[in-house]
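Scroll down for the structure; my scribbles are underneath it.
The numbers here are math on the coordinates, done by the rules we state, and not lab data. Bear in mind that the values here come from a model prediction, so they are computed numbers and not experimental data. Quick reminder, even Gly has a Cβ in these numbers, built from the backbone with ideal geometry, and neighbours come from all protein chains shown.
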Amino acid sequence: MNLKELYQEIILDHGKNPRNLRKTDNFNKDAKGHNPLCGDKVHIYLKLNENKKVEDISFEGQGCAISMASASIMTSLVKGKEEKEVKEIINDFLEMIKEKESLNTKLLEEDEKIKLMCLSGVKQYPMRVKCATLSWHTLISAIDKSQNEINIESKEF
Amino acid sequence: MKIEDIKKEFPIFNNKVHNNDLVYLDSANSSQKPLVVIDRIYDFYTKEFSNVGRSVHYLAVAATNLYENTRTSVQKYINAKDKNEIVFTKGATEAINLVASTFGQKYLKEGDEVLLTELEHHSNYVPWHYLRKSKGIKIKFAEVNEDGEVTLESIKKKITDKTKIIAITHLSNVTGAILPVKEIVELAHSKNIPVLIDGCQSAPHLKLDMQELDCDFYAISCHKMYGPTGLGILYAKKKWLEELPPYQGGGGMIGEVKKEGITYGDLPNKFEAGTMATAQVIAFNESIKFLNKIGIDNIVKHENELINYGQELLRKNNSVKLIGNPKNRGAVLSFTIDGIHPHDIATILDEDGVAIRAGHHCCQILHEKLDLVATARASLGVYNTKEDLDQLNSSINKCKKIFE
């Protein structure tokens, strides 16, 4: 894995033009995430319908290209999924970033998995792993509403 | 020793990084080590190792002498009055913690004020914060100006009759500002306030003279001075070391130990509890010799040339913004690039073998003040050259291209 692969077109594209970078109207769940090490901040807004399906998801924040791209790709992929499906995707992604070679979930299409696999480049840069996982941890927090603010420094990643 | 040849003394530069020559611009974080220092650690462990200050056998006596030789070298290097004013610690962080803890314990009470600056590294804030929690002291911050400096005036403004100690950096690890420490010490002493100086960034780059500076405490990080990790130095005036209570208890720091009571050892043993970083102390003597061989005046001249060259280069580079514009700048160039996060800059520069640091550099208070989440920082050492700065500049241009 080299630099070019880490900063592939997909990441640069999402990093420079993040999707869903806005605030959802009438959101019913939200959470903030913060990585004090690099100052990355993210605020995730989630609107679940009565069937616990993601009707809309968006984020606000600032950060490096990797953290912005990660939040952008994540929000694009989980829209329309049910809450427990979202959790499965999150877990699959976090396990892939941590140790697994590939994504196992059947909930994503191959082209969607390719987008996520672009982020696996951070494995070679341990200091950057937190950049890629901040928004994902924050989404878990929004769903569970266990903590108001995720501080990624106190997380495993 | 010719300053142009110094890179050759550092074996790390024989290695390639991502198939490129290493351009090491992270010396404010930690400096590389010359071969003489590395060899000294190897030789000590292979031929001379023993613990110091205890046994009377041949190796123990020889090791003790070597250990104390470094103390004398440090004393001379910083022109301290007495060799027993030099205390070895595990780092500059421990040196500051030692002072905050023991000074706080003996002299500070609720409502007393400790004066810091907005430039301080976390290691010169957090130890004082503990006293805020445990004793209810107040912490004040002298303000940084728009050039990234802390002036004598801004210190003066924050001194009150409750100020019990002033703890300030000598050279900011973010803005590069060199503080007017001598004038600050004079001002503080005129009000009977002792001064601690965090000398982490200044000690490798500036001429040090403790007797002339007249500060009460001065903390030094040896791994930033071309020495081993795990070692720092606290310089403290003898009267303070005599008056302050011990910091840690253990072997080596005691006088007499009885069930009903304990007396403490003479200086500086009172503050060196347990087995110290013996090999590192002994190897650090080689760092001092290395610095002396080049000569501090030559180091200052060389690094000033580089700083001026680097400042000009980055100022000319559109969209690069230098952080701080101090009249008196040390070997630090922090910068941002419009639209590119510092961590992305650092990762992309790394691909060219250019090692810089990105983040808040353990100075969150300052970054909040400057309204920046993070900065990129190129910092210099004695081995750097103008070519290194040229490479930095061209790698920055490559980075800009990727993000165009």
Requested in this report: When a/c is below 1.5 the answer is rounded, else prolate if a/b is larger than b/c, else oblate, so apply that to the protein assembly as shown with a ≥ b ≥ c taken from the square roots of the Cα gyration tensor eigenvalues.
Outcome: prolate
Report summary line: the range A:45-80 and the range A:100-127 have their Cα centres apart by a whole-number Å value of 17
Requested in this report: Enter the mean number of other protein chain beta carbons within 10 Å of the beta carbon of each residue in B:367-377, as an integer.
Outcome: 2
Requested in this report: Return the FRET efficiency for the residue pair B:GLU143, B:ASN328: r is the Cβ-Cβ distance, R0 is 30 Å, and the value is rounded to the nearest 0.05.
Outcome: 0.95
Query raised in the report: Sorted by mean Cβ packing within 10 Å, highest first, what order do the peptides A:62-68, B:150-156 take?
Result: A:62-68, B:150-156
Query - Whole-number D in µm²/s for the range A:3-146 (Stokes-Einstein; Kirkwood sum over Cα pairs; 37 °C, 0.692 mPa s) - result: 220
Query raised in the report: Which ³J(HN,Hα) values, rounded to whole Hz and listed in residue order, are derived for the range A:125-136 from phi using the Karplus coefficients 6.51, -1.76 and 1.60 in 6.51 cos²θ - 1.76 cosθ + 1.60 with θ = phi - 60°, glycine and proline given as x?
Result: 10, x, 5, 9, 4, 4, 4, 7, 9, 3, 5, 5
Query - Candidate aspartates and glutamates - alpha carbon under 16 Å from A:LYS47, same-chain residues fewer than 8 apart omitted - result: A:ASP25, A:ASP30, A:GLU55, A:ASP56, A:GLU60, A:GLU82, A:GLU83, A:GLU85, A:ASP144
Report summary line: Partner shielding of A:31-38, as the mean number of partner chain Cβ atoms within 10 Å, equals 3
Requested in this report: Which order do the peptides B:81-94, B:131-144 take when ranked by the mean count of other beta-carbon atoms within 10 Å per residue, highest first?
Outcome: B:81-94, B:131-144
Report summary line: Asserting the computed 222 nm helical MRE of chain B (DSSP H runs at least 4 long, -39500 (n - 2.57) per run, divided by residue count, to nearest 500) equals -11500 deg cm²/dmol
Requested in this report: Enumerate by residue number the chymotrypsin sites (Phe, Trp or Tyr not before Pro) in the range B:306-385 meeting two conditions: DSSP loop (anything except H, G, I, E, B), and at most 11 other Cβ atoms within 10 Å of the site's Cβ.
Outcome: none
Report task. Filter the GluC sites (Glu not before Pro) in the range A:1-107 down to the DSSP loop ones having no more than 12 other Cβ atoms within 10 Å, then list what survives. Result -> A:GLU50, A:GLU99, A:GLU101
Query - Within 10 Å of each Cβ in B:335-348, the average number of Cβ atoms from other chains - result: 5
Query raised in the report: Which lysines, on any chain, are close to B:LYS7 with Cα under 27 Å apart, when same-chain ones fewer than 8 places away are left out?
Result: B:LYS16, B:LYS33, B:LYS76, B:LYS207, B:LYS224, B:LYS289, B:LYS293, B:LYS301, B:LYS386, B:LYS398
Query raised in the report: With labels modelled as points extended 7 Å from the Cα through the Cβ direction, what inter-label distance (nm, one decimal) is found for B:ASN29 paired with B:HIS189?
Result: 3.8
